[in-house]
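Working notes for the structure below.
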Amino acid sequence: MSADSPGTVAVIGAGTIGLSWAVLFAAHGWSVHIQDPRPDLEEAVAGGLRQFAPTLLEPVAAEVLERRVRVHTELGAAVNTVDLVQENGPEDLGFKQRLFADLAAAAPAGALLASSTSGLQPSDIAEHLTDDAAARVVVAHPFNPPHLLPLVEVVAGRRTSPDTVERAMALYRGLGKVPVHVRKETPGFVANRLQSAMFREAVDLVLRGVVTPAELDTVVTESVGPRWATGGPFLSYHLGGGPGGFRHFLEHLGPGMARRWRDLGTPELTDEVIARLVEATEGAYAGHDYADLTRARDLREIAVLNARAQARTDT
């Protein structure tokens, strides 16, 4: 499998994440088998291809993608000739354990078995598999939407082989992704833990009446959003320290940051809190349906990614 010789992938689960993955694989010339028991599978796949094709970084006509995609209702038929399985089922450990047992039995012996789980650990998913099957299990957690955002977190389980990690890293890199090897299993991995921490404080600020949801979103998109699109927290603070770098930053501004850490909120998502947040957020974005908001988001993200890539070539 390489950019010059794409492989065959089974995308298991045709929800938002699965369809987005399917578009990415098909755009890079892979043969894509999509399996899901949903009764509207063909319509869902066709709709997903039409929705996501225009927002690829290098657009490919939906008709071209459709020729590379086959739909299956039966798991065995979807996976019996593939190089990779990209699983996108429900976030239920028991379900995934049963599913991966079926995948290990039906897929070729050399196929990689990857899960898009947003928080379950690969060791737990592979708990009941043989050593040979568990050696091929890896988490490949994308950031939504997978066809557009570069990150994929590659996480090995206790019995995952080093070769599986290397193959996965190379495979996703060949799809234009930026794979990061998450070196220890931890709930939520890295990206979700970071955004969960920030969202916890965002919820607290809204509940305390400091800002509205729309104002909070504006604060992020006009400050840390563009900053972190060009340099993550450590580089940003390293530069924030001026010529003295990160040490100067921590020595002079670290005490204030530590005081803020102690003041960060710890809201609970009670029914009342959920109702307040939903009402405020839906009110802020009323009049815009899901498709419109998604397309606008994707186009803005494409602009950011393209501008960042251009800036790299100019320097």
Open item on the list: Checking residue 189 against (1) part of a loop (DSSP other than H, G, I, E, B); (2) open to solvent by less than 40 Å² (accessible area, probe 1.4 Å); (3) of a type in the set (A, V, I, L, M, F, W, C); (4) over 22 Å from residue 21 (Cβ atoms): exactly one of these is not met. Which one?
Closed with: (4)
- [ ] Among the candidates 176, 209, single out the residue that is in contact with an Asp or Glu (Cβ under 9 Å, 6 or more places away or on another chain) and open to solvent by 40 Å² or more (accessible area, probe 1.4 Å).
- [x] 176
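For residue 166, indicate whether it is acidic (Asp, Glu), in a helix (DSSP H, G or I) and more than 20 Å from the chain's Cα centre (by Cα). Explain how you work it out, then say what you get.
Working: acidic (Asp, Glu): yes; in a helix (DSSP H, G or I): yes; more than 20 Å from the chain's Cα centre (by Cα): no.
Spelling it out, it is not the case that residue 166 is acidic (Asp, Glu), in a helix (DSSP H, G or I) and more than 20 Å from the chain's Cα centre (by Cα).
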- [ ] Select from the stretch 245-287 the residues that are open to solvent by less than 50 Å² (accessible area, probe 1.4 Å) and either assigned to a helix (DSSP H, G or I) or among the small types (Gly, Ala, Ser) (or both) and list them in ascending order.
- [x] 245, 249, 254, 256, 257, 258, 265, 273, 277, 280, 284
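Does residue 309 satisfy the condition of being open to solvent by less than 70 Å² (accessible area, probe 1.4 Å), part of a helix (DSSP H, G or I), aliphatic (A, V, I, L, M) and under 25 Å from residue 48 (Cβ atoms)? Please lay out each step first, then the result.
On the way: open to solvent by less than 70 Å² (accessible area, probe 1.4 Å): yes; part of a helix (DSSP H, G or I): yes; aliphatic (A, V, I, L, M): yes; under 25 Å from residue 48 (Cβ atoms): no.
So residue 309 fails the test.
State yes or no: is residue 218 touching a residue at least 40 places away in the same chain (Cβ under 8 Å), β-branched (Val, Ile, Thr) and assigned to a helix (DSSP H, G or I)? Break it down stepwise before answering.
Details: touching a residue at least 40 places away in the same chain (Cβ under 8 Å): no; β-branched (Val, Ile, Thr): yes; assigned to a helix (DSSP H, G or I): yes.
The answer is no for residue 218.
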TODO: Specify which of the listed residues (122, 142, 162, 150) is touching a strand residue (DSSP E or B) at 6+ places or on another chain (Cβ under 6 Å) and open to solvent by 20 Å² or more (accessible area, probe 1.4 Å).
DONE: 150
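I'm trying to understand the selection: among the residues of the stretch 52-76, which are in a helix (DSSP H, G or I), under 26 Å from residue 306 (Cβ atoms) and open to solvent by 50 Å² or more (accessible area, probe 1.4 Å)? Give the steps one after another, and end with the answer.
Filtering the stretch 52-76 down to residues in a helix (DSSP H, G or I) leaves 52-55, 62-67, 75-76.
Within this subset, residues satisfying the condition of being under 26 Å from residue 306 (Cβ atoms) are 52-55, 62-66.
Listed by number, the residues that qualify are 54, 63, 66.
The values are calculated or read from the model by the stated rules, or taken from the named source; none is laboratory data. From a predicted model like this one, the values you see are computed outputs, not experimental measurements. Neighbour counts run over all protein chains shown; Cβ positions are idealised from the backbone, glycine included. Accessible surface is based on the protein model in full, side chains and every heavy atom, while ligands, DNA and RNA are left aside. Shrake-Rupley method; radii C 1.70, N 1.55, O 1.52, S 1.80 Å.
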